[in-house]
Amino acid sequence: MKKLFNWLGNIAGIILAFASYQILEYFYFFPHQLEKLLHINYVMLIILTAIATILVLAFILYLYQRQLKIENNWGFNQSPHWDGHRLLIMLFSLILIVVCSYTLQILLGVTSQNTSANQATLDKISLQAGGLFIPMVCIIAPICEETIFRGLFFNTFFMKESKISKWLGIIFSGFVFGYMHDPSITKFIIIYWALGCILAWVYTSTKDLRYSMLTHMFYNSLPYLLIILDKMIQNKWR
């Protein structure tokens, strides 16, 4: 009975964590609407956004740490957190996730005019969110999503470490990640599913969320890094 209550508590934790993340997204994606709704200026909004970010991240990470204290058969999040072997896994994953993403985009015929509904929505949001958009997409979102879709997910549905649970967890974690990014289940879910599987593999192979978070951050930041690199090259040859 105790295990059942713990399991139900974990599911409730996932729901609360995801709901908190969705609320936090509103601060970053719709700042001008919040200014009008709360009758505050932009400076005050930034302060509220910073406070909300700290509270939400602290809450989500607290849920993750609490679950690990109750049961941690995998040995997740053990010290020391950094070593050469896991850094090599992360380096390999950075290459793999880029190659896999662009290969699938070519195979599925994805172009700038033919993107997923999720990406189209983000493109529209980026135009009105201003300077708050990039920090959310490149830093906050990877931390929240890795904690929810990898950390809390494995602690809830695949608590016992084994080869079978590892690969089943990778597949199902990847699918849930893909579905949340493409709930219409179009061809684009294949890309999100593959990316989710790679991130889950990084987490289960390193047994530390830091590595999947950094991989996720790099992938989300790649378009902006390429823009910066392109500008640097153009300025060099002027």
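The values are calculated or read from the model by the stated rules, or taken from the named source; none is laboratory data. Since the model is a prediction, treat every value here as computed from it, not as a measurement. Using ideal geometry, Cβ is built from the backbone for each residue, glycine included, and neighbour counts are taken over all protein chains shown.
Among the residues of the stretch 21-42, which ones are within 15 Å of the chain's Cα centre (by Cα) and in contact (Cβ under 8 Å) with a residue 60 or more places away in the chain? Write out each step before concluding.
Of the stretch 21-42, the ones within 15 Å of the chain's Cα centre (by Cα) are 21-22, 24-25.
Correct list: Y21, L24, E25.
Within the bounds of the stretch 5-14, is there any residue that is within 21 Å of Y211 (Cβ to Cβ), of a type in the set (G, A, S) and without any contact (Cβ under 8 Å) to a residue 60 or more places away in the chain?
no
For the stretch 82-90, does any single residue satisfy the condition of being surrounded by 13 or more Cβ atoms within 10 Å (Cβ to Cβ) and of a type in the set (D, E)?
No, the stretch 82-90 has no match at all.
A quick yes/no check of all residues on (1) within 17 Å of M213 (Cβ to Cβ); (2) at pLDDT below 95; (3) loosely packed, with under 13 Cβ neighbours inside 10 Å:
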{"position": "Q105", "(1), (2), (3)": "no, yes, no"}
{"position": "V110", "(1), (2), (3)": "no, yes, no"}
{"position": "A120", "(1), (2), (3)": "no, yes, yes"}
{"position": "W167", "(1), (2), (3)": "no, no, no"}
{"position": "P183", "(1), (2), (3)": "no, yes, yes"}
{"position": "W193", "(1), (2), (3)": "no, no, no"}
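Could we say that P135 is within 17 Å of the chain's Cα centre (by Cα), closer than 30 Å to N6 by Cβ and in contact (Cβ under 8 Å) with a residue 40 or more places away in the chain here? Give the derivation first.
Numbers: within 17 Å of the chain's Cα centre (by Cα): yes; closer than 30 Å to N6 by Cβ: no; in contact (Cβ under 8 Å) with a residue 40 or more places away in the chain: yes.
It is false that P135 is within 17 Å of the chain's Cα centre (by Cα), closer than 30 Å to N6 by Cβ and in contact (Cβ under 8 Å) with a residue 40 or more places away in the chain.
Can you tell me which residue within the stretch 43-73, out of those that are buried (at least 16 other Cβ atoms within 10 Å of the Cβ) and among the β-branched types (V, I, T), is farthest from A12 (Cα to Cα)?
Applying the filter and picking the extreme gives T49.
Taking the options T156, T147, name whichever one is closer than 18 Å to Y192 by Cα, surrounded by 13 or more Cβ atoms within 10 Å (Cβ to Cβ) and touching a helix residue (DSSP H, G or I) at 6+ places or on another chain (Cβ under 8 Å).
Being closer than 18 Å to Y192 by Cα, surrounded by 13 or more Cβ atoms within 10 Å (Cβ to Cβ) and touching a helix residue (DSSP H, G or I) at 6+ places or on another chain (Cβ under 8 Å) holds for just one of T156, T147, which is T147.
On the given criteria, is I15 in a helix (DSSP H, G or I), out of contact with any strand residue (DSSP E or B) (no Cβ under 8 Å at 6 or more places or on another chain) and closer than 29 Å to F177 by Cα? Walk me through how you get there before you give the answer.
On the way: in a helix (DSSP H, G or I): yes; out of contact with any strand residue (DSSP E or B) (no Cβ under 8 Å at 6 or more places or on another chain): yes; closer than 29 Å to F177 by Cα: yes.
Criteria met by I15.
Within the stretch 18-35, work out how many residues are of a type outside the set (A, V, I, L, M, F, W, C) and outside any helix (DSSP H, G or I).
The number of residues fulfilling the criteria is 0.
Does F188 meet the test of being touching a Ser or Thr at 6+ places or on another chain (Cβ under 7 Å), buried (at least 22 other Cβ atoms within 10 Å of the Cβ) and farther than 24 Å from L16 by Cβ? Steps first, please.
Numbers: touching a Ser or Thr at 6+ places or on another chain (Cβ under 7 Å): yes; buried (at least 22 other Cβ atoms within 10 Å of the Cβ): yes; farther than 24 Å from L16 by Cβ: yes.
Considered against the rule, which asks whether it is touching a Ser or Thr at 6+ places or on another chain (Cβ under 7 Å), buried (at least 22 other Cβ atoms within 10 Å of the Cβ) and farther than 24 Å from L16 by Cβ, F188 comes out as yes.
When residues of the stretch 160-212 are filtered for being hydroxyl-bearing (S, T, Y) and part of a loop (DSSP other than H, G, I, E, B), how many remain?
3
Among residues belonging to the stretch 69-110 that are of a type in the set (A, V, I, L, M, F, W, C) and touching a Lys or Arg at 6+ places or on another chain (Cβ under 7 Å), point out the one that is nearest to I191 (Cα to Cα).
L108
Can you say whether T215 is in a helix (DSSP H, G or I), touching a residue at least 40 places away in the same chain (Cβ under 8 Å), under 22 Å from I89 (Cβ atoms) and among the hydroxyl-bearing types (S, T, Y), as far as the supplied structure shows? Full working, then the answer.
Working: in a helix (DSSP H, G or I): yes; touching a residue at least 40 places away in the same chain (Cβ under 8 Å): yes; under 22 Å from I89 (Cβ atoms): yes; among the hydroxyl-bearing types (S, T, Y): yes.
Here the answer is yes, as T215 does meet what is asked.
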